[in-house]
Amino acid sequence: MNNLVIPTIATSLGVILTALIASLAISTSAQTAAECEGISRYTDPKLTLKSLSTAENNLMYEGADGIKASAEEIKNLSSLVSLEVGGESEDEIRAVTETILNRVKSDSFPDTVNGVIFQQSDGYPQYSPAYKVGETEPEDEITEIVIEVFTEGNEICDSDIYYFRADYYHTWSGAVSEFNIGNTYFSSSIWAD
């Protein structure tokens with residue numbers, strides 16, 4: 001009798017272990033599929049930020065040039081761009097977004113989207129409207145452009161364009177604007193060479 005009990009227990013344990021492994025594999029596949037679904041939804045350039053509002057804030061998306069950002073960071077970027085150049089041309093919006101993302105890619109600035117948006121110098125934000133980002137709902141058109149730039153990369157600015165200014169460019173530092181689009185001026189430096 002004892003000889004029959006041991007193989008039966010071993011067989012039962014084998015069946016339970018196999019079921020447990022299969023269950024873990026299904027769970028992992030479902031999680032991976034959900035993450036992939038979130039990424040594919042996110043990278044659709046027609047997607048607006050409002051449809052991203054249900055995305056998990058800790059889910060990271062990879063954009064062009066290896067930039068990674070969460071849904072929260074993309075919303076913050078869209079809000080900042082809305083505050084900086086809302087109502088301006090698509091090219092101005094695109095170029096400002098490219099300029100901000102150029103900083104993320106550069107070793108001279110923080111390496112995250114939020115790090116760049118909220119970076120301070122001498123206690124002042126690099127982008128003056130940064131303090132309003134959390135309370136600003138970005139415009140859908142701007143969000144679509146931001147997502148497109150994030151996923152597809154630069155179209156207008158070289159990778160070393162880090163600065164922009166609306167209406168005029170600082171001349172006190174001796175730097176000159178490299179180009180302008182509408183009333184927004186762009187440069188690789190705020191200091192003269």
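Do you know which residues across the range 172-183 are within 22 Å of PRO129 (Cα to Cα), at pLDDT below 90 and surrounded by 15 or more Cβ atoms within 10 Å (Cβ to Cβ)?
SER177, ASN180
I'm checking my understanding of the structure. Among residues of the range 79-93 that are touching a residue at least 24 places away in the same chain (Cβ under 8 Å) and part of a loop (DSSP other than H, G, I, E, B), which one is most open to solvent (accessible area, probe 1.4 Å)?
That would be GLU88.
Yes or no: the range 155-171 includes at least one residue that is assigned to a helix (DSSP H, G or I) and modelled with pLDDT of 90 or more.
For the range 155-171, residues assigned to a helix (DSSP H, G or I) and modelled with pLDDT of 90 or more: absent.
Within the range 93-107, can you find the residues that are closer than 16 Å to ILE147 by Cβ and charged (D, E, K, R)?
Selection gives ARG94, GLU98.
Within the range 98-152, take every residue that is polar (S, T, N, Q) and under 10 Å from LEU77 (Cα atoms) and give me the one that is most open to solvent (accessible area, probe 1.4 Å).
ASN114
Of all residues being over 15 Å from the mean Cα position of the chain (by Cα) and touching a residue at least 40 places away in the same chain (Cβ under 8 Å) in the range 107-133, which is nearest to LYS68 (Cα to Cα)? Just the residue, please.
Result: PHE109.
The values are calculated or read from the model by the stated rules, or taken from the named source; none is laboratory data. Since we're looking at a predicted model, the values are computed, not measured. Positions of Cβ are backbone-derived with ideal geometry, glycine not excepted, and every protein chain shown enters the neighbour counts. We work out accessible area using only protein heavy atoms, side chains counted, and drop any ligands, DNA or RNA first. Shrake-Rupley method; radii C 1.70, N 1.55, O 1.52, S 1.80 Å.
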